1. With N residues in segment 223-354, what two-decimal value do you get for its Cα radius of gyration over 2.2 N^0.38 Å?
2. Roughly speaking, what is the stretch gain from residue 616 to residue 70, that is 0.36 nm per residue apart minus the C-alpha to C-alpha distance, in nm to one decimal?
3. For segment 741-818, count the residues as N, evaluate 2.2 N^0.38 Å, and divide the Cα radius of gyration by that value, please.
4. Among 516-523, 721-728, what's the highest-first ranking by average C-beta atoms within 10 angstrom per residue?
5. On average, how much accessible surface per residue is there in segment 76-169, in Å², for a 1.4 Å probe, leaving out ligands, DNA and RNA?
6. I'd like to know how segment 314-442 sits against the 2.2 N^0.38 Å rule of thumb: what's its Cα Rg over that expected value?
7. Obtain the radius of gyration and the Kirkwood radius of segment 81-161 from its C-alpha atoms and give Rg over Rh.
8. How large is the Rg to Rh ratio of segment 440-575 when both quantities use alpha carbon positions and Rh follows Kirkwood?
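The values are calculated or read from the model by the stated rules, or taken from the named source; none is laboratory data. The shown structure was predicted, so the numbers you read here are calculated from the model rather than taken from an experiment. For neighbour counting, all protein chains shown are included, and Cβ atoms are generated from backbone atoms with ideal geometry for every residue, glycine included. These area figures cover heavy atoms from the full protein model, side chains too; ligands, DNA and RNA do not enter into them. Shrake-Rupley method; radii C 1.70, N 1.55, O 1.52, S 1.80 Å.
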Amino acid sequence: MRGALLAMVVATGSCDEFGSVGDPTVTLSSAHAVVVVHTGRFGLEVQDPTTGKTVLSTLDAPLSVASDPSNPYGPLGATHRVQTIKPPLVIEGWDHTVGQDDPWLHAARVTSAVTTATSAALDVVDPSDPGTVLHVSITLDDAEVVVDATIAQSDAKPESPAGVEDDSPLPGLNTMGQSFVLPADEHFFGLGERYVTVDHRGQNYGVWTEEGGLGRGEKYQPSYVAPVNPTPNGPTMTHAPVPFLLSSAGYGLWLESTYRSGFVLGYDAPTAWRVFVTEPHLRYHVLVHALPRDAVTHYTALTGRASLPAPWVFGPRRRVDHDGNDPTHGTLVMGGVPEEQALRKYHVPTTAIDDATHFLPSGVAANQESQLATWSQNLHALGFKSIGYYNAYVSTSNPNAAQFLAEGRAGDYFLKLDDGTEFDTFMISGGGQYVATVDFTNSAAIPWYQSLLQRALDLGYDGWMLDFGEYVPPKAKFHDGRSGWEMHNAFPPIYEKVVFDYLRQTRGDDFMFFARAGGVGTQAVAPIVWSGDPSASFDDVKGLPANVRAGLTAGMTGIAFWGSDISGYTCLNDPPADKEVYLRWAEFGALSTDMHDENACSQAPAGAPPKWTLWSDTETTQVYGQYASLHTRLLPYTYAAALEAVQTGVPIMRHPVLDYPGEAGAIAAEFDYFFGPSLYAAPVVRRGQTTRTLWLPPGRWVDWWTMEAQAGGANVTKDAPLDVLPLYQRSGSIVALLDPSIDTLAPATTPGVVSLSDVQGIYDLRTVLDPGAGASAQASLTDGTKLSARVGQGTPALPSGATMASEAELANCLLCGRIDPLPGGATRLRVTASSTTSATLHAGNVTLMHSAPSPLRPRWDIVVLP
């Protein structure tokens, strides 16, 4: 009786132990999703009506797993989890709790059901324990299915085993879970920033924000050789876990909880997977979309999307130390020149300089205010934005922070434990120290903390690293009454929002910070997320390979703007951090949203060779400079992709499965990705590799460096010497670049420094046209510029009145060009047009058009495929 309210009571006497013999069902439907709800034997199937596929089915009977006697697999379940807290291993930031489940109850039988055309409300029980009743609400809204289950009644009184200290967040049945059928061809992606896998099938991943682990080194490749790698807690460790996964089957699933949760994805049961939350409330959203990119769009519509930062945020950033003798300058490098001046002298395009001045927790800026203000002033003149350092803590042991500590204690602004004492913990942040944590649930603490942020702004800083966030203990008691169990995963986005709101209020979009810890909603309040402190090596779980995976998995969870420390940060393993590591990471950094060159070499063993840096030899300076130039010049293209991310949630770094979930090559891709809509990058991530095999998506492509044509839809192998990152441009695309003279995306007053304003009105337009597939290309830029190119019958020619130019003349002549053959029968057509707000040029069989809000001189560089 669809469309009308139906009350149905299922008689228990006519049922077997798992449900009714007839297994009645009710169908909820919309234009984009169908849910078949079983109202006898409890279960549901979610279908995509556009494809006719069942995309997700719950497990309707218990499934025994030898490795887990608690029997967690089965219909909707509940149990008591004993969560024991052990002393922290060195630092609070590493998870140091151990969970053990009692036998699970599985609510297999429906005792009552009330349904409408788009909703169902059910009471379900475990036949062996009818005194425990779970209430389930299922609602369908267009492409979104929400399942909300609570424990409505329970006679169960679980107790901890004798002699076991139970620190569980809640008494009684405190954990709920749902199991699903796992088809042989289903694969899982996302779950926040993950370092060890991209396809998570076969993994057991928890959602608990952690400090980064320690990799065992390059000798452990691949990572499965050592299951507890990184140390101490293995592959599940991440700064930014998010309980949202994408499935190749045609849906996304968001587990809406800030408590500890988990995704067991065919890890111990090859035909089933399950989710759980450590609270007596299970709520999950199934987002039905054939394309994973649409599920990301849907998820970010629910949890928030990024705001468009100022253009300079996308420029290269360099970590620079102050000169110990003169803190108003950076350290001396090549030729005895301060580093900020050397970046300009040797034309290494750089937009921001990060000096890691720890305003918090240690307050090292105390008594250095005048020098730091001069430092920022000097940087601004040279066209650099000035970046410092903050976190959510105040040192209790560094005398420089004594004033802040006294103010925080007087205002009751710091986090407490559940016994009422202040939570002070050890942390390594600019050196080892004990710190107190700002409790942002105390509304009075927020303006006080923001006043500490203003201290850096007053000295001319434009932003900072926003570090940590993983150190909330389970036994914390927040000002608003919430426990650490509930707030541990919630703390990072709350903390980031306090900072984001203040900077947006005081500076508009003219700021940046890059955050390490993250969770649901971080993508909306952190301008950049970065991967933390990676190993300065090719370590599979902490070095360069792990960081490529981290960027891709973060993107599949809605984190649109992401980067990593070029060449790594910690030198604990695998010395030396050599030239190969440096250049391969620089190449990857250039094709990341955030290009951040890191000079630190933390925890290097005594006697280890120094870490390779930008200034270690001339070739390194030149190669890094070339990639920094590419990253900077790509701003018009990258910024348009950033606007798309703001509007849709789809990241700039896009794993191919977002668009090709049915392609085996896309599912298997681990280190290959789209950078925006038209470029495809394949960084080299293994030591000694000079060729790179990658899966190239369907279509026709052109090698960015050689302009050779390449067919997609298959694996290809590319030569990749040390200075080459394999990079391809899709046919039917236009990639707009700034003039190669650009030094910075920030304003500059020093003569000779080329800033963004100096190259306005000129774009280099790399274009690929395929006469056999659409024959046209278009691009829209954020300033309102519209570009299009079209190829028809015939051959390319110079426009009427255009002169033939030499290579040297092309950049500056007007209405001139060249036509050159390319290998494989392609043609390269270059046309430099006059400066106009709009124009249409006919170049033989190629038509070129632009429309811009102010005069534009386009320099077209077109590959016409045969």
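1. 1.66
2. Full-extension gain reported as 190.9 nm.
3. Normalised Rg, Cα atoms only: 1.43.
4. Numbers: 516-523: 27.0, 721-728: 19.4.
Descending mean neighbour count gives 516-523, 721-728.
5. Here the per-residue accessible area is 41 Å².
6. In units of the 2.2 N^0.38 Å rule of thumb, it is 1.28.
7. Details: Rg = 18.1 Å, Rh = 15.6 Å.
Ratio of gyration radius to Kirkwood radius: 1.16.
8. Over the Cα atoms of segment 440-575, Rg/Rh equals 1.00.
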